[in-house]
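Engineer: Provided herewith is a single structure, encoded as structure tokens, for subsequent inquiry.
A short reminder: the numbers here are calculations on the coordinates, not readings from a lab. The model shown is predicted, which means the values in this text are computed figures rather than measured ones. Ideal geometry is used to build each Cβ from the backbone, glycine not excepted, and the neighbour counts take in all protein chains shown.
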Amino acid sequence: MAQTYKLWMAGREVPGRGAPCHTASHQDVEDAIQTANAAFISGSWSKASRHVRADVLEKVAELMQPELPQLIQLEVQQTGRAIREMKAQVPSLLRWFKYFAGVLRTEERPVLPTVGKLHNWLERVPLGVVVQITPFNHPLLIAVKKLVPALAAGNSVVLKPSELTPLTSLLLGPIFKKAGLPDGVLSILPGLGSVTGKSLVSHSLVRKVDVTGGTAAGRAIGSIVGGNLARYTAELGGKAPLVVFEQANIDAAVNGIAFGSFVASGQTCVAATRIVVQSPVMPALLRMLERKCAFISSKMGSPFNEKSTMGPLISSRQLQNVETLVDECVSDGTAKIVCGGKRLIGTAPLDDIDFSKGYFYPPTLIVSSSGNSIMNSRIWKEEAFGPVIVVVTFDTEEQGIQLANDSEFGLGAALWTQDLSQAFRVSEQISSGIVWVNTHHRNDPSSPWGGASSASGVGSENGIDAYHAYTTTKSIIINHASSDEALAADDWFREGAGQVRYG
Ligand code: NAD
């Protein structure tokens, strides 16, 4: 029998009143936010000692450990991502709990250089009710990246996972409860962006919204959040360049390109989609990349197959987007396909599954029909969000940097070179929030993750900055002068006051 997943609210599963399949209605949103606000005001979590909060986060990591196999299976089932990827990604999420528990236990409070007999220190206090909205591509990873710093800081959180992949996030609710998170501090409300999401981000009690999604959704949500004068973090789209210099180790670069481009079937915000290659190494690189693509294609099959290299795209809509962008650059004459370029149908050589039952698209390599003509097509500029890469070429370092920066996005970027000076020089000139050198798509709880251009977002996840962005500062100023000193120095309206305090 199919399992039913309900909403997670006030420390228990409750049926949703939205459309079938337990999505949250406007009234569910109202209930969750009121409950979250009441929990915040009660202080049971928001004013709990930082060590208590750290204990709970560490306990969640401990309790998640035995749940990992179930979470991995469910993540594969709902995303279609190859199980090999999920077996690597899901266990790594425990690091976020440990890192932010560590931040709580070691955070120092600055004492400021104020003059006079004043002791001025800063406390970081939570904001209140915060709303988090996540996408389909890394459901658990992104939920964890957002939940942990927000809860560490003492906020109450309402999380809305993607309507396409809500299940694993829901399983976090009972784990947090068992670990000691007070009821009401965390609610998880699946639902459509246009219904549940909109209702959540519009609520006047919400003090911060943190969304990961497409640039269009980010702008729509931001305009509402701005109207409420709430805080905003948005992790949005990308069109990451990957620059290969002739000084690179080409074998390593090809492995990096394949990982950066095809993991999650290319459905990541930092997918290496614009491969920018120095001309002397272009022929060798293309040959090796084509071989790699052929290998990956030959090992595609059921996402549950341990040997599967790449799963399907998430939806027919996503498949259509990829097909449209690829077909367009070929039919307008700007590009030619080196390999891939057509949806897979028929039987998988790996395990005989029927490709046409999923939205399988092979690794696809596209080059210009002449010069760098592909730069005139939409696929050079827009997110395809599929396993499709475009390769262009350059002669000088300066040209390579120009091509890399030729985008409205600015999230992730990579460059490959063994020349250390070049690595420093070029990474400084690349306009993006994250630059990897001789690697791609590294993600650590301590390492900031955010866009450097508005199309890629506002603010960042991970690290101390993410924790700070879930707090506001409280400046506490204590006058420690003796009564006699205070009477002598602080009576502004004394007759003939002379040198007394002002300001
Ligand atoms: P999406 O924008 O369709 O949806 C993301 C989330 O926003 C979903 O939960 C959706 O229900 C919600 N939503 C959409 N419109 C909304 C609205 N008007 N009000 C409230 N909520 C709304 O994105 P997606 O297709 O799930 O994910 C793919 C996109 O996410 C890509 O553009 C990708 O680059 C981006 N992404 C960015 C990062 C990053 O770290 N910058 C990471 C992963 C994905």
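Engineer: To the nearest 10 degrees, how steeply does helix 167-179 sit against the main Cα axis of the chain, on a 0 to 90 scale?
Structural biologist: Taking Cα atoms only, the helix is inclined about 30 degrees.
Engineer: Give me the angle, in degrees from 0 to 90, between the Cα long axis of helix 316-331 and the longest principal axis of the Cα atoms of the chain, rounded to the nearest 10.
Structural biologist: 50
Engineer: How much length is gained on full extension from Ser454 to Lys178, taking 0.36 nm per residue of separation minus their Cα-Cα distance?
Structural biologist: The Ser454-Lys178 span can extend by a further 95.4 nm.
Engineer: While we're looking at this one, here's another question. If r is the Cβ-Cβ distance from Ser92 to Asn249 and R0 is 25 Å, what FRET efficiency results, to the nearest 0.05?
Structural biologist: 0.45
Engineer: Under a point spin-label approximation (7 Å from Cα along Cα-to-Cβ), what is the Gln73-Thr347 distance to one decimal in nm?
Structural biologist: 2.8
Engineer: Which of the three applies to the stretch 1-74, rounded, prolate or oblate, going by the alpha-carbon gyration tensor with a ≥ b ≥ c and a/c under 1.5 meaning rounded?
Structural biologist: Cα axes put the stretch 1-74 in the oblate bin.
Engineer: To continue, here is another question. Just want the answer: with Cβ charges of +1 for Lys and Arg and -1 for Asp and Glu, which residue in Trp416, Asn372, Val338 is farthest toward the dipole's positive end in the stretch 321-421?
Structural biologist: It is Val338, whose Cα lies furthest towards the positive end.
Engineer: Could you tell me which residue out of Gly197, Leu242, Pro303 lies farthest along the dipole of the stretch 194-314 toward its positive end? Charges go on the beta carbon: Lys and Arg +1, Asp and Glu -1, centred on the Cα centre.
Structural biologist: Gly197
Engineer: Between Asn120 and Arg219, 0.36 nm times their residue separation minus their Cα-Cα distance comes to what?
Structural biologist: 31.8 nm
Engineer: Only Lys, Arg, Asp and Glu count, each charged at its Cβ (+1, +1, -1, -1), so figure out the dipole size of the stretch 186-326 about its Cα centre, rounded to 20 debye.
Structural biologist: Working: 13 positive and 7 negative charges, 63 e Å.
Dipole of the stretch 186-326, to the nearest 20 debye: 300 debye.
Engineer: Given the rule -39500 (n - 2.57) for each run of at least 4 DSSP H residues, summed and divided by the residues of the chain, what is its mean residue ellipticity at 222 nm, to the nearest 500 deg cm²/dmol? Display every interim value, and only then the final one.
Structural biologist: Details: 17 runs with 194 residues, N = 503.
Calculated from helices alone, the mean residue ellipticity at 222 nm is -12000 deg cm²/dmol.
Engineer: Another question about this same structure. Just list whichever of Lys307/Lys342; Lys208/Lys299; Lys292/Lys357 have alpha carbons separated by over 32 Å in the model shown.
Structural biologist: On the way: Lys307/Lys342 22 Å; Lys208/Lys299 44 Å; Lys292/Lys357 25 Å.
In this structure, Lys208/Lys299 exceed 32 Å between Cα atoms.
Engineer: Determine which residues of the stretch 68-105 fall in the zone a paramagnetic label at Leu164 would reach in this model, i.e. backbone nitrogen under 17 Å from the point 7 Å along Cα→Cβ.
Structural biologist: It comes to 75-83, 86, nothing else.
Engineer: Calculate the dipole size of the stretch 243-367 relative to its Cα centre from +1 charges on Lys and Arg beta carbons and -1 charges on Asp and Glu beta carbons; express the result in debye to the nearest 20.
Structural biologist: Charge dipole of the stretch 243-367: 40 debye, to the nearest 20.
Engineer: Moving on to the next point. For the residue pair Ile478 and Gln402, what label-to-label distance in nm results when each label sits 7 Å from Cα along the Cα-to-beta-carbon direction?
Structural biologist: The modelled label-to-label distance comes out at 6.1 nm.
Engineer: Once both axes come from the Cα atoms, what is the angle between helix 68-79 and the longest principal axis of the chain, in degrees from 0 to 90, rounded to 10?
Structural biologist: Helix 68-79 sits roughly 60 degrees off the main axis of the chain.
Engineer: For the stretch 361-503, what number results from the quotient of the Cα radius of gyration and 2.2 N^0.38 Å?
Structural biologist: Ratio of Cα Rg to 2.2 N^0.38 Å: 1.87.
Engineer: Can you say what percent of the DSSP beta bridges in the stretch 66-217, counting only those with both residues inside, are antiparallel? Round to 5. Can you show the working numbers first?
Structural biologist: Values: 1 of 14 bridges.
Here the share of antiparallel DSSP bridges comes out near 5 percent.
Engineer: Here's another thing I want to ask about it. Which shape class, rounded, prolate or oblate, goes with the stretch 278-361 when its Cα gyration tensor gives a ≥ b ≥ c as root eigenvalues, a/c under 1.5 marks rounded, and past that a/b bigger than b/c marks prolate?
Structural biologist: oblate
Engineer: Which percent, to the nearest 5, of DSSP beta bridges fully inside the chain are antiparallel?
Structural biologist: 40
Engineer: Calculate the spin-label point distance for Lys336 paired with Val52, positioning each point 7 Å from the Cα along the beta-carbon direction, and give it in nanometres.
Structural biologist: In this crude label model, Val52 to Lys336 measures out at 6.9 nm.
Engineer: Extension gain Thr324-Glu30, at 0.36 nm per residue separation less the Cα-Cα distance, in nm?
Structural biologist: 101.9 nm
Engineer: While we're here: With the radius of gyration and the Kirkwood radius both derived from the Cα set of the stretch 420-485, what is their ratio Rg to Rh?
Structural biologist: 1.30
Engineer: Could you pull out the chymotrypsin sites (Phe, Trp or Tyr not before Pro) across the stretch 2-62 that fall in loop regions by DSSP (anything but H, G, I, E, B) with no more than 11 other Cβ atoms inside 10 Å?
Structural biologist: none
Engineer: On to the next question. Find the Rg to Rh ratio for the chain, where Rh is the Kirkwood radius over alpha-carbon pairs and Rg uses the same atoms.
Structural biologist: Radius of gyration relative to Kirkwood radius: 1.05.
Engineer: Still on this structure: Using a simple charge model, +1 on the beta-carbon of Lys and Arg, -1 on the beta-carbon of Asp and Glu, nothing else, what dipole does the chain show about its Cα centre, in debye to the nearest 20?
Structural biologist: Dipole size: approximately 880 debye.
Engineer: For the stretch 186-285, rounded, prolate or oblate, judged on the Cα gyration tensor with a ≥ b ≥ c (square roots of eigenvalues), a/c < 1.5 rounded, else prolate if a/b > b/c?
Structural biologist: Verdict is prolate for the stretch 186-285.
Engineer: Could you list the residues of the stretch 383-417 with an amide nitrogen less than 11 Å from a label point located 7 Å from the Cα of Gln429 in the Cα-to-C-beta direction?
Structural biologist: Answer for the stretch 383-417: 396-405.
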